[in-house]
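For reference, the structure discussed in these notes is given below.
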Amino acid sequence: MQYPFFDSLKLVRETRRVVKANWKAVVDNYLECDHCSIAHPGFAKSFDISYFCTTTHDKFTYQYMSASKNAEGDQVSFYWIWPNMMINVYQETGM
């Protein structure tokens, strides 16, 4: 499987975590953003949660949303590559 965005990525930060939890519960929590406005208010203000979309594919899940009107043109993308790899892509204008 190819991911066409890989060639355009620039590593800004890498974070590795050991989570003492069932990985399926962690993924499930990440796949919905109902809790974002309460648990992650800065994130919820930066991106338009009403345009939060999730698409499922054979071996990965793709989530994305556009930035709020305060950061026009930006987009955030999340790729869950089964079973346990997550790639977050934050596009920012002016970088």
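The values are calculated or read from the model by the stated rules, or taken from the named source; none is laboratory data. The model shown is predicted, which means the values in this text are computed figures rather than measured ones. Here the Cβ positions follow ideal geometry from the backbone for every residue, glycine too, while neighbour counts run over all protein chains shown. Remember, those area values only see protein heavy atoms, side chains included, never the ligands or the DNA or RNA. Shrake-Rupley method; radii C 1.70, N 1.55, O 1.52, S 1.80 Å.
Within region 68-89, residues that are within 20 Å of Thr15 (Cβ to Cβ) and part of a loop (DSSP other than H, G, I, E, B) sit with their Cβ atoms under 9 Å from residues that are at pLDDT 80 or above and open to solvent by less than 20 Å² (accessible area, probe 1.4 Å), at 6+ positions apart or across chains, in these pairs: Trp82/Thr61. Summed over region 45-78, residues that are closer than 19 Å to His35 by Cβ and at pLDDT below 75 total 4.
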